[in-house]
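Asks: Structure incoming, see below.
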Amino acid sequence: MVVGAGPVGQWVSMRFLDCGWEVTLVARPVAASVLRHRGLRVRAPSGARTHTALDVAHDLATGLAVNVPDLIALCMKSYDVPIVARELAALTVPGRVPFIAAFQNGLGSEATLAEVFGRECVVAATTTTPLSLSDDGALQVEREGGDLCWAACAPDAPAAAGLIRTLTTSGLGQVYDDADALKGSKMLLNLIGNASGAILDLSAAALFADRRLFDVELDMLREAIAVLRASKTAIVNLPSNPAATLATLVRCVPAALLRPLLRGRFSRGRGNKRPSFYYDLASGRGRSEVAWLNGAVATRGAALGVPTPVNAALTSTLQGIVEGRVPWARYQRQPEALLAAVRAGTVRR
């Protein structure tokens, strides 16, 4: 079962279907109606295809009534995970909970699920394939070469060994030994240009064109790397997302040499596409995943005694805008305003 019919949920469903798995996709009622009618459509540089051989349900209860899944992939935003976890707990039989894969960005969703279902049932997961939805609703693969990545949160549990074998033999991506390393490494890549880009309403290309803003990004990444190292979390390379290489460059290469390297890598990869936090902000829903990324870095840094003033400043600034306490117009395309907020946060600490 896949819960959430955004780009990641549709992509994960496609990958399961490609392997011959039976799939139930749980989507909001309007999206469920559309998907039942036209199926899953994907366009990639290598070609386009459509899958219609899947069940689509409009809520969890209906989806679980279709069949009892062996694996539930949660593909909603991080802030929706606690609600979905409670609903799933009410609908499943204690002791017979399927594996639950958390595809959320950032840190913390696995811990939330483990509190409800136990670590032995939880799998950290991500995709390194850049995805979007086109205007006609088709899933667009922006660049090929990425993959699904998995890591059991309790790899020594007997049942986890069977799941890992199934994922490996099915060709459903790459399996890692360490869930924290997987999600921490992906977080580094998700952080780049995300909070700053949303606050300033700028693309990654525009951010990296300004040396001062690039320095903010560099300081933010250095803080995140320091927190991961202090927590003894390994940083690993992922398919098409070399997080370990990035961490080494950020720590060892002078900013003047690093800027053109990262500018080329991330400007080409994203172009004028806005970061994910931007869409949270522009939606007007008053919620953001920043607490699970920059906020998680700041929170863990405080617990470990690692200074994280830039991540803390980015988190508080973006959260203030999202919650309506700070006018977005104060920061939109106003680099000086963000630089002042970051400087103030650094001085306070």
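Asks: Given the conditions (1) crowded, with 18+ Cβ neighbours inside 10 Å; (2) modelled with pLDDT of 95 or more; (3) of a type in the set (G, A, S), and given that S267 satisfies all but one, which numbered condition is not satisfied?
Replies: (2) is the only condition that S267 fails.
Asks: Any idea which of (1) touching a residue at least 60 places away in the same chain (Cβ under 8 Å); (2) in a helix (DSSP H, G or I); (3) over 22 Å from A226 (Cα atoms) is the one G320 doesn't satisfy?
Replies: If we test G320 against (1) touching a residue at least 60 places away in the same chain (Cβ under 8 Å); (2) in a helix (DSSP H, G or I); (3) over 22 Å from A226 (Cα atoms), just (1) comes out false.
Asks: Pick from the range 146-159 the residues that are loosely packed, with under 15 Cβ neighbours inside 10 Å and not aliphatic (A, V, I, L, M): which of them is modelled with the highest pLDDT?
Replies: Filtering first and then ranking leaves D156.
Asks: Right, here's the next one. How many residues are in a helix (DSSP H, G or I) and of a type outside the set (D, E) when one looks only at the range 12-56?
Replies: 16
Asks: Sticking with this structure for a sec: Return the only residue of A230, A247, A313 being within 29 Å of E142 (Cα to Cα) and either surrounded by fewer than 13 Cβ atoms within 10 Å (Cβ to Cβ) or of a type outside the set (F, W, Y) (or both).
Replies: Numbers: A230 fails: within 29 Å of E142 (Cα to Cα); A313 fails: within 29 Å of E142 (Cα to Cα).
The match here is A247.
Asks: Here is a follow-up. Going residue by residue through the range 174-188, is there one that turns out to be surrounded by fewer than 17 Cβ atoms within 10 Å (Cβ to Cβ), in a helix (DSSP H, G or I), modelled with pLDDT of 95 or more and outside the structural domain of R15 (by TED's automatic domain parsing)?
Replies: No - not one qualifying residue is present in the range 174-188.
Asks: Under 6 Å between Cβ atoms, at least 6 apart or on separate chains: pull out the pairs that start in the range 276-294 with a residue that is over 18 Å from Y331 (Cα atoms) and end on any residue that is modelled with pLDDT of 90 or more and among the charged types (D, E, K, R).
Replies: E289/K77
Asks: Of all residues in the range 27-67, which are under 21 Å from G173 (Cβ atoms) and within 22 Å of the chain's Cα centre (by Cα)?
Replies: L40, V42, R43, A44
Asks: Being in the same structural domain as G9 (by TED's automatic domain parsing) and surrounded by 18 or more Cβ atoms within 10 Å (Cβ to Cβ) narrows it down to one of G137, G106, G171, G162, so name that one.
Replies: The match here is G106.
The values are calculated or read from the model by the stated rules, or taken from the named source; none is laboratory data. On a predicted model such as this, the values are computed, not experimentally measured, just so you know. Ideal geometry is used to build each Cβ from the backbone, glycine not excepted, and the neighbour counts take in all protein chains shown.
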